[in-house]
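Asks: Structure incoming, see below.
Please treat every number below as a calculation from the coordinates, not as lab data. The structure presented is a predicted model; accordingly, all values stated were derived computationally and were not measured. Cβ placement follows ideal geometry from the backbone for every residue including glycine, while neighbour counts extend to all protein chains displayed.
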Amino acid sequence: MKNNRSLAILVSALLALAFSAASATAQTASPAAPAASAAKAPGKRVNPVEQRIATLHAQLKITAEQSGPWNAFAQTIRDNAKAMEGAFHARAKELPAMTAEESMESYARIAQLHADNMRRLAESFAKLYAVLSPSQKQIADGLFRGPHARRRR
């Protein structure tokens, strides 16, 4: 149970790092809103990946015409999260028997996986960004700069 909680926290942290998004803003009605509602339903476990996808969909105000690139981007997020989850599960399972050298190598593989995932995510996002309106691009620019951008001068 603790392992699942740690994994959920880790996936959330990785997504936060990957997106460097500012605090979530109020969601507007969108086709992704049901996913967010389902994630909050009583008795259901909150899926941080689906929750983040729904939040981004609402924040970026994705239109029906943009659904193709959006769906590809959202699937990349899901695939990346699944790959990282598998890598972290495998590492956690093997870690008690690893030597220090094996542990370092295992961590290096995870870091490489993260880099590869970020490359795929950037490529997928570039296709989405290309079809965003100027106002949507402005929103995306603010979201992906993160909260620290204003402090740098």
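Asks: Assuming 0.36 nm per residue, please report the length gained on full extension of the stretch Ala115 to Asp79 beyond their Cα-Cα distance.
Replies: Result: 11.6 nm gained on full extension.
Asks: Another one. Go ahead and run the numbers for FRET between Ala130 and Met104, Cβ-Cβ distance against an R0 of 41 Å, rounding to 0.05.
Replies: It comes to 0.55.
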